[in-house]
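The values are calculated or read from the model by the stated rules, or taken from the named source; none is laboratory data. Please read all numbers here as calculations on a predicted model, not as lab measurements. Note: ideal-geometry Cβ built from the backbone for every residue, glycine included; neighbour counts use all protein chains shown. The protein model used for the area step is the full one, side chains on, heavy atoms only, and it has no ligands, DNA or RNA in it. Shrake-Rupley method; radii C 1.70, N 1.55, O 1.52, S 1.80 Å.
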Amino acid sequence: NKTLKNNEIEKVFLYNEFEKLKISYIKTYANFILIHGEWDASSVAENLLKQGVIIRPLNSFGLPHAIRVSIGTRAQNQKFINALIKCLDLKEPTYE
């Protein structure tokens with residue numbers, strides 16, 4: 001129950017962050033979110049990995065511009081958002 005509650009809260013947090021950053025995503029009922037944009041998913045995954053964030057590129061599903069990110073704790077999600085901003089060179093404030 002604790003994990004389900006966290007996922008519901010953090011899913012909304014991530015949706016709001018994606019909206020602020022103008023990143024396209026697909027709403028989910030699972031514990032992960034698919035996001036997509038004008039990028040190479042493998043390059044994004046590699047860049048995020050260098051920053052200590054593990055996501056899954058969806059090239060093998062025929063989606064070369066999409067990644068899958070698991071919903072984590074607030075600290076993990078903030079780290080992911082900060083890393084994504086840096087990776088995509090977006091101009092948004094970051095979390096400390």
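Taking a cut-off of 23 Å between Cα atoms, list the lysines near Lys11, but don't count ones fewer than 8 places away on the same chain.
Filter leaves Lys2, Lys20, Lys22, Lys27, Lys79, Lys86, Lys91.
Take the Cα atoms of the chain, build their convex hull, and give its volume per residue in Å³.
95
How many percent of the accessible area of the chain is carbon or sulfur, using a 1.4 Å probe?
54
For the stretch 8-57, state which GluC sites (Glu not before Pro) are in a DSSP loop and have at most 13 other beta carbons lying within 10 Å of their beta carbon.
Qualifying residues, ordered by number: Glu38.
Leaving ligands, DNA and RNA out of it, rank Leu49, Leu90, Leu63, Leu14 by accessible area with a 1.4 Å probe, largest first.
Leu49, Leu63, Leu90, Leu14
Have a look at Tyr29, Thr3, Tyr15 and report the one farthest towards the positive end of the charge dipole of the chain, computed about the Cα centre with Cβ charges (Lys/Arg +1, Asp/Glu -1).
Of the listed residues, the answer is Thr3.
Within the stretch 23-78, list the trypsin sites (Lys or Arg not before Pro) lying in a DSSP loop whose Cβ has at most 15 other Cβ atoms in a 10 Å radius.
Filter output for the stretch 23-78: Lys27.
From the residues Val53, Ser42, Leu63, which one has its Cα farthest along the dipole of the chain in the positive direction, the dipole being from +1 and -1 charges on Cβ of Lys/Arg and Asp/Glu about the Cα centre?
Val53
Going through the stretch 1-62, which chymotrypsin sites (Phe, Trp or Tyr not before Pro) have at most 15 other Cβ atoms within 10 Å and a DSSP loop state?
Passing both the DSSP loop test and the Cβ count: Tyr29.
Taking the Cα centre of the chain as origin, sum charge times position over the Cβ atoms of Lys and Arg (+1) and Asp and Glu (-1), and report the length of that vector in debye to the nearest 20.
300
List the residues, sorted by chain then number, that are 5 or more residues from Ala66 or on another chain and whose placed amide H is less than 5 Å from its amide H.
Amide H neighbours of Ala66: Ala41, Leu58.
Probe of 1.4 angstrom, ligands and nucleic acids ignored: what's the accessible area per residue over the chain, in square angstrom?
Each residue of the chain exposes 65 Å² on average to a 1.4 Å probe.
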